[in-house]
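None of the figures in this text is laboratory data; all of them are computed from the coordinates on show. Since the structure is predicted, the reported quantities are computational estimates derived from the model, not experimental observations. Because the Cβ atoms are built from the backbone with ideal geometry, glycine has one as well, and the counts that use them run over all protein chains shown.
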Amino acid sequence: MKKFLALLVAALMSISVLAACGTKTEEPAPEEETAVEETVEEEAEAEEETEEAEAEEEAEAEAETADDAKAE
């Protein structure tokens, strides 16, 4: 009985060593993280567009002010 138990334990230890050599399958990234990244990128793009529009409006206002000053 002891020999059988020792053989069984040895077999289980051998199997566990071989099981550790297996390759892991890499899980894809959760979709939530990707969605968050896309949202952040969209917000950054919208902010840049807003800043560009504000800069254009300021340039137009300055040009109109300069034109008005020249007219006077």
For the pair Leu8 and Glu60, the simple spin-label estimate (label points 7 Å beyond Cα toward Cβ) gives in nm 8.6
Simple SL model, points at 7 angstrom along Cα→Cβ for Glu48 and Leu18; separation in nm is 5.6
